[in-house]
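Asker: Quick one: the structure is below, questions incoming.
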Amino acid sequence: MEVISIKPFGDFSNCYIIKDETGTAAVVDPGCVTDELISELDKCTKVEYILLTHGHYDHIWAVSGLKEKTGAKLVIHRGDEAFLTDENLSHGVKYFPGEQKPLKADILLQGGETLPLGNGEIRVMHTPGHTKGSVVYIAGDTMCSGDTLFCMTVGRTDLEGGSMHDMISTLERLKALKGDYKVLPGHGRDTTLEAERQRNRYMSKIERLKQQYGYKG
């Protein structure tokens, strides 16, 4: 499985294309459509999914046009389904009031699913904390972590549906995954899971974090 990183425009999220050897692809978090994204998608034989790590505007803004162009299935966790039609939840109202196009998911996730992609597969891990419906998509040894896990930090938990207690639980489960993964976050630069285990100011000090927030598990 190949994962192609698409440079973001402005404050929109990082976007990724996951593609198997047959050219079947999935697009992760298309906040905006760029010439680079269209050029890469034109090289694919089929775009099977549009995968959303969560429902904030900077990750979903280009979904409508991309879905119309490709016919791909829109995938999001059921915990963030309402973000697709509510610009207040998605925070689109703060930047583009009245401009969010209502979207309807084709597949609502619960977490733990495996999505077939050509000859490969993408695993879904439910990772609440940034939002109730945040997920991480794992393809081989690469994970698209959305706004759950960044290089040296984690996503903010003070927005609608955010929870530091949920984030702590998520970080424990991510930290406990066997082996190492390349981590492709929603913003900022790439990292690895092992690097975050060692240096991330939340993940590496998780016991202190539990005490700080009175986490009981």
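Asker: Just to confirm a number: summing +1 for Lys and Arg and -1 for Asp and Glu over residues other than Val135 whose beta-carbon lies under 14 angstrom from that of Val135, what do you get?
Answerer: Within the 14 Å Cβ shell, the charges total -2.
Asker: I want the local charge near Asp35. Using Cβ-Cβ distances under 11 Å, sum +1 for each Lys or Arg and -1 for each Asp or Glu among the other residues.
Answerer: With Lys, Arg at +1 and Asp, Glu at -1, the net is -2.
Asker: Further question: Would you mind telling me which residue in Val93, Val28, Val63 has the biggest mean-square fluctuation in a Gaussian network model of the chain, where springs connect alpha carbons within a distance under 10 angstrom?
Answerer: Top of the fluctuation ranking is Val93.
Asker: Per DSSP H run of at least 4 residues, take -39500 (n - 2.57); add these up for the chain, divide by its residues and hand me the 222 nm value, nearest 500 deg cm²/dmol.
Answerer: After summing the helix terms and dividing by the residues of the chain, the value is -6000 deg cm²/dmol.
Asker: By a straight-distance test (C-alpha under 12 Å), which aspartates and glutamates pair with Lys205 as possible cross-link partners, with residues fewer than eight away in the same chain excluded?
Answerer: Straight-line reach from Lys205, under 12 Å: Glu172, Glu196.
Asker: Looking at the P(r) of the range 53-208, how many percent of alpha-carbon pairs lie beyond 28 Å?
Answerer: The answer is 19 percent, as a whole percent.
Asker: Cα centroid distance between the range 155-217 and the range 1-34, in Å?
Answerer: One Cα centre to the other: 23 Å.
Asker: Same structure, new question: When Ser64, Ser39 are ordered from fewest to most other Cβ atoms inside 10 Å of their Cβ, what list results?
Answerer: If I rank by nearby Cβ atoms, fewest first, I get Ser39, Ser64.
Asker: Within the set of other residues whose C-beta is less than 12 Å from the C-beta of Glu81, count the net charge using Lys and Arg as +1 and Asp and Glu as -1.
Answerer: Around Glu81, the surrounding residues sum to 0.
Any read-out appearing in this document is the output of simple, stated calculations on the displayed coordinates, not a laboratory observation. All values derive from a computational prediction rather than experimental measurement. Neighbour counts are summed over all protein chains in view; Cβ atoms, including those assigned to glycine, are modelled from backbone coordinates with ideal geometry.
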